[in-house]
Structure formats: structure tokens, C-alpha cells
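Trainee: Okay, here's the structure, questions in a sec.
The values are calculated or read from the model by the stated rules, or taken from the named source; none is laboratory data. Nothing here was measured: the structure is a model prediction, and the numbers come from that model. Cβ placement follows ideal geometry from the backbone for every residue including glycine, while neighbour counts extend to all protein chains displayed. Note: areas computed on protein heavy atoms with side chains; ligands, DNA, RNA excluded. Shrake-Rupley method; radii C 1.70, N 1.55, O 1.52, S 1.80 Å.
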Amino acid sequence: MDLNNILSIDTTTNLSALKESLSNELSDVQLWNMIRKGDADAMVKLYKRHYHILYAYGVKTCHDKDLTKDSIQEVFTNIWASRSSLNKVKKVRSYLLQSLWNRLVRELKKTSKRSDIFNNQVYQSEQIFSFEHQLIDSEHNNERLKKLDQSVSSLSKSQKEIIFLIFYEGLSYKEIAERKSVNYQSVKNLSHKAIKKLREMIIGLILATVYFFI
Amino acid sequence: MKNLDDYTLEDLVQDESFQRYVRDGSEADQVIWEEFLKLHPEKEQMLEEAKTIINRLYAKIPPVEFHHELMKFRSIIAANKDEVKSERHTKSVWRYAVAVFVAAIVLVTWLLIIHKGSTREPEVLSNVERNTSKGQRATLFLKDSTRIKMNAQSSLIYPERFSDDLREVYLRGEAFFEVERDENRPFIVHVGDLDVKVLGTAFNIRFYPEEETLDVSLVSGKVEVIRNDRVQLTLTPNTEAIFVRSTGQLTKSSFDPSLKLAWKENVIRFDKASFREIVTVLERWYNVQFIYDEHISSAGFTGEFENMSLENILSGIGHTLEFEFEVERQQVRIFKK
């Protein structure tokens, strides 16, 4: 083994250690319990940690950035305002997503905009697969959109769900297996297939877009 | 956990740290993945593909907007913390009596409102928010006689009335503070991950979320730079604290006031500035957008402009860095000579 090789191995290990140290911060549940005791710093930490995922979810769901921002602010402000009477929560991120969904549904029903997709009381994962608004407007888009729609619908319901659980709720295979009462290995297989499909879909779309402009 | 060396695309897109780096723009995670790419240049394509997938899965908020929301939230929390504080011993019987009297009035008013059948609103927080857009500057006078000059594209939140023992404000962007001395009421600026605590001084803070560092530059008096509730640095006049946001590194050094504070005298001053730096400053100052695809000479530019039009400044700089330009509405096109 030459020196270069040793050095690079050493550094990758260091990198892993550095990465590990980042995930060694207080867990969500620890922060939650600190918030219940009135710890403002814990509140800010939780906000910083989950803001982006909530934003991603909100915008994908209602396609309204300002409404999303206001609703996220309200979700967190409410948690802080009712900190002394908060219940224990197992999965903080899921709780936050659910709260945001509830708020968005309430607001959208008020303005009766897009109420069609909110008939379901349970919050939904389907919206994150709407890629339309990311495409630039052009007359020729329809063809590509149609293709994309087809490929999105070719993700099965369970594939969509697992992608949502992994990428939005941030659950591990083990947690998904517990929640869905299936075994670990089948969760792993399902997620592997779903991500592969998603990759093909997204990369395929990009290629199609590039091809179109050439 | 799987070794980073054996990472496949599937591992990468599911990695929390990688997601934070791409989706949240987390600076701490950015360090890791940039280092990873240096160690494994052969995985560049995989990394790019993973980024594409994550970018398609999530909608992203621009850093400026995120920091603005965060600042608003912190001010809301601070305003709601007070109920714990106010449970301390009352300083005099008179205060107590006044408090009871006020409470009685509030109660009566409240009962009257309830009686009228109006809905109960959650407590309204009396924070004031002041924003400047690109190309705009503003001077504020707070009720404690503190003077704040805000640079372009900045935002400040402060309470309508300061409490008896603390003056707290929240900043994003750049501002020059001249804080009225009050030994009994420290003045704290919450900015990014830092708190800047003073009694009465003049200092400049610069925190644009899209820039790498957060700078606190002291002109007179004394300030404490606090992070995670601990005093990290104490500044004396003509020194500044530079906080590198990705690594959390905080260092003290001296600074050139004529360069750092030029903006508040409406002077634009460059000292060996790169073309990129010049663009950032001018975009903010004149509310324009630069468009350039050619590589403009990266040699540093040094120069000073006072109350000059954008066109005059550009022809001055263009002469040195050898470019020509066209200004149309809010757009500046740069061509290589």
C-alpha cells in the first residue's frame, strides 16, 4: 500500500468521524422535552432543523410560498405558546408535517382554492410528486408533461409512499417496517426499487429537457 | 453505518447529511461533501446525479428568506419568554400597587370585550419590522435614542418598547449601530448564530446570509460576542470579530474603517476586489442584476466612488478590468473588450 493510499483512507475515516459528530447532536425527542420545560434555545434548534423539510413539503402541497412560510411560522409559534401543555411525541418530524398539513388544509378550505385535493383528512404524500411547476412554461411542454405524468404514475402507490416516508418523514427502514408491520428486508427491497425508479424518472426528464433544447 | 467509500447513489440520496447539504444548504454538511468530492473525484457524476434527484424532490427556500423567517421566529419567542422573567420580586410596593391596578383595568376591559361577544385573539406581539430593499438605505432612531443606519437589503426587528432590563433587536444584512449608553439595560443584537452585547458603543455588523462570514466591527466602546450563551470574544475599538459560518470559527483581527464603514458615508470603496465582489456590491447598491458569461479579469480592483452614477462607476472599473457594458432597466450586461 503506498503512502497516498494510506493518507486517503485516513482522511475518509476522519470524514466519517466528522459526519458522525454532526449527527450526535441532541435528538428531536430530547429537544421536544426541553421545549416542554420552556427552553427557548431548544425551540430555535428544532425550528432550524426542520424548517427546510416543512417548506419543501408545504410548497409542493399548496404551490404557494407565502402561505407556506406563514403556516410554518404558525406551527412553531403554536408549539412554543402551548409548550407547558405539550404531549410527548415519538416522531417529531412526522408531527410537524401533520400540523403543517392541517394548517394548509384549513387555510385553503377558507379560500376554497384547490379544495379538491384536500378531501382526505389524512395528510397526503402524493403532492410531492408533482413536478409540473418546476418546468418552464412553453407550448411544447404538454408533450413532455404527459410523458412525465406517465412515468410518475408508473411509480406504484407503495413506492410513492415509501419515498415519502424516507425523504419527508425521515424514517429509517426499521421504523418503516414497524409502522407498516412488514419485515425489514421487504422495506429495503421496496425502497431500493422505488429509488431506482425515481432516479430513472428524474434523470430521464432532465435528458428529455436537454434534448428538447438541442 | 456503511463506509463512505462504498457509497452508491441510493446510499447518497438517503444520507441525512447529504440531504441537509443539498436541501437545507447546511454549511456544516457542505464541508463534509466538498471534502468527500476532493477525496473521490471519480464520484463527481454520482454526486451530481444525487443532487439533481434531491433538488427535484424538495422545494428550496433561498437563504435570505430562510434567515428572515428565522429572525422573525426568534423575536416571537423572545417576546413570549417574558412571563417567566416577570415573576421575579417586585421592586417596590408602589410597583405592585400599579400592577394590580393595571391588571384590574385589563380584566374589566377584557370582560367588556368578551361580553360584546368578540372572539378571543391570541396575544398580539408588538414587534416592529423594518426592511430595506436593494438600492435602499435607511436611518432609524429607537426610543432609547439609539441610532441605526441600515444598508441595502437588510432587515431589523425590534420591540415597540424595550423592557426595563434589556434592549434586544434582530438583524439580517448590514447596519451601523450607535447605541445610547444605559448601564442598566444592555443592548443585544441577535444576528445569525451570534449575539452581540453592548452597553453603549458604535459598531458595524454585516451578515448577508449568502456570504460566508458574519463580521462585527467595533469603532468605539466595548462589545461582547456571544455564541451558545458564552462570551467568545471581547472587542476593543478598531478590532473586528469574523465568524466563518460553515466551520463555526471565530477570530479577532484589526480592520480598516475607511473600507468597512465607507457605505454609511455613501461611498463605495474597493480594495483589491475581485470582479465577483464588485458585482455583489453594485447589485445591492443600485438594485440591478449583472449578466456576464465571459471571464472578466480576476485581477483585484482598487478604487473609490462617492455619489456617482452606476454608469460612471462601471466605465471607471471597466477601463481597468477591460470590459464594456450596457445598462437597460435593471440589467447590466458586461462584455469583454
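Trainee: Consider region B:284-307. How many of its residues are within 17 Å of B:Ala262 (Cβ to Cβ) and either among the charged types (D, E, K, R) or without any contact (Cβ under 8 Å) to a residue 24 or more places away in the chain (or both)?
Mentor: Adding up the residues that qualify gives 3.
Trainee: Ok, one more. Within region B:153-188, can you find the residues that are surrounded by fewer than 21 Cβ atoms within 10 Å (Cβ to Cβ), among the aliphatic types (A, V, I, L, M) and touching an Asp or Glu at 6+ places or on another chain (Cβ under 9 Å)?
Mentor: Listed by number, the list holds a single entry, B:Ile188.
Trainee: Oh, and also: Would you please list the contacts, defined by Cβ atoms under 7 Å and residues six or more apart or on different chains, that run from a residue in region A:193-204 that is more than 9 Å from chain B (Cβ to nearest Cβ) to a residue that is buried (at least 20 other Cβ atoms within 10 Å of the Cβ) and assigned to a helix (DSSP H, G or I)?
Mentor: Sorted first by the residue in region A:193-204, then by its partner, the pairs are A:Ala194/A:Ile162; A:Ala194/A:Ile163.
One line per residue, one yes/no per condition, for (1) of a type in the set (Phe, Trp, Tyr); (2) over 16 Å from B:Arg74 (Cα atoms):
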{"residue": "A:Arg36", "(1), (2)": "no, yes"}
{"residue": "A:Asp41", "(1), (2)": "no, no"}
{"residue": "A:Tyr51", "(1), (2)": "yes, no"}
{"residue": "A:Leu67", "(1), (2)": "no, yes"}
{"residue": "A:Gln73", "(1), (2)": "no, no"}
{"residue": "A:Thr77", "(1), (2)": "no, no"}
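Trainee: Would you check if B:Arg227 is under 23 Å from B:Leu156 (Cα atoms), of a type outside the set (S, T, N, Q) and at pLDDT 90 or above?
Mentor: yes
Trainee: State all residues of region B:276-293 that are over 17 Å from B:Glu210 (Cβ atoms) and not aliphatic (A, V, I, L, M); if no residue qualifies, say none.
Mentor: Within region B:276-293, B:Tyr286, B:Tyr292, B:Asp293 qualify.
Trainee: Taking the condition outside any strand (DSSP E or B) and open to solvent by 50 Å² or more (accessible area, probe 1.4 Å), does B:Glu211 pass?
Mentor: no
Trainee: In region A:192-201, is there at least one residue being at pLDDT below 80 and either among the small types (Gly, Ala, Ser) or assigned to a helix (DSSP H, G or I) (or both)?
Mentor: yes
Trainee: Of these, B:Thr234, B:Thr280, B:Thr251, B:Thr247, which one is assigned to a helix (DSSP H, G or I) and among the hydroxyl-bearing types (Ser, Thr, Tyr)?
Mentor: Unique residue meeting the criteria: B:Thr280.
Trainee: Scan region A:9-62 for residues that are of a type in the set (Asp, Glu) and more than 11 Å from chain B (Cβ to nearest Cβ) and jot them down.
Mentor: Selection gives A:Asp28 alone.
Trainee: Just wondering, is there one or more residues in region A:87-110 that are surrounded by 12 or more Cβ atoms within 10 Å (Cβ to Cβ), at pLDDT below 65, in a helix (DSSP H, G or I) and not β-branched (Val, Ile, Thr)?
Mentor: No; the residues of region A:87-110 include none that is surrounded by 12 or more Cβ atoms within 10 Å (Cβ to Cβ), at pLDDT below 65, in a helix (DSSP H, G or I) and not β-branched (Val, Ile, Thr).
Trainee: Restricting to region B:319-333, name every residue that is open to solvent by less than 30 Å² (accessible area, probe 1.4 Å) and either outside the structural domain of B:His295 (by TED's automatic domain parsing) or in contact with a Lys or Arg (Cβ under 8 Å, 6 or more places away or on another chain) (or both).
Mentor: B:Phe323
Trainee: Still on this structure, please answer the following. Can you pull out the residues in region B:1-19 that are touching a helix residue (DSSP H, G or I) at 6+ places or on another chain (Cβ under 7 Å) and within 14 Å of B:Leu47 (Cα to Cα)?
Mentor: Passing the criteria: B:Leu4, B:Asp5, B:Leu9, B:Glu10, B:Leu12, B:Val13, B:Gln14, B:Ser17, B:Phe18, B:Gln19.
Trainee: Looking at region B:27-44, I want the residues that are under 22 Å from B:Asp193 (Cβ atoms) and have a partner that is at pLDDT 90 or above and not acidic (Asp, Glu) with Cβ atoms under 7 Å, at least 6 apart or on another chain. Which pairs are those?
Mentor: B:Asp29/B:Ser17; B:Asp29/B:Arg20; B:Asp29/B:Tyr21; B:Gln30/B:Tyr21; B:Ile32/B:Ser17; B:Trp33/B:Phe18; B:Trp33/B:Tyr21
Trainee: Listed residues A:Val187, A:Val182; which is modelled with pLDDT of 80 or more, outside the structural domain of A:Tyr95 (by TED's automatic domain parsing) and over 24 Å from A:Ile53 (Cβ atoms)?
Mentor: Going through A:Val187, A:Val182 in turn, just one is modelled with pLDDT of 80 or more, outside the structural domain of A:Tyr95 (by TED's automatic domain parsing) and over 24 Å from A:Ile53 (Cβ atoms): A:Val182.
Trainee: While we're on this one: Pick out the one residue from A:Glu126, A:Glu132, A:Glu143, A:Glu139 that is over 30 Å from A:Ser27 (Cβ atoms), touching a helix residue (DSSP H, G or I) at 6+ places or on another chain (Cβ under 7 Å) and either modelled with pLDDT of 90 or more or open to solvent by 50 Å² or more (accessible area, probe 1.4 Å) (or both).
Mentor: A:Glu132
Trainee: Right, something else. Taking region B:41-80, which residues are under 19 Å from B:Gln153 (Cβ atoms) and open to solvent by 40 Å² or more (accessible area, probe 1.4 Å)?
Mentor: If the condition is that a residue be under 19 Å from B:Gln153 (Cβ atoms) and open to solvent by 40 Å² or more (accessible area, probe 1.4 Å), then B:Pro62, B:Pro63, B:Glu65, B:Lys72 are the ones that fit.
Trainee: Taking only pairs six or more apart or across chains, which ones have beta-carbon atoms under 9 Å, a first residue in region A:65-80 that is on the phi < 0 side of the Ramachandran plot, and a second residue that is of a type in the set (A, V, I, L, M) and not in a helix (DSSP H, G or I)?
Mentor: Qualifying pairs under 9 Å: A:Lys65/B:Ala59; A:Lys65/B:Ile61; A:Thr68/B:Ala59; A:Thr68/B:Ile61; A:Lys69/B:Ile61; A:Ile79/A:Leu86.
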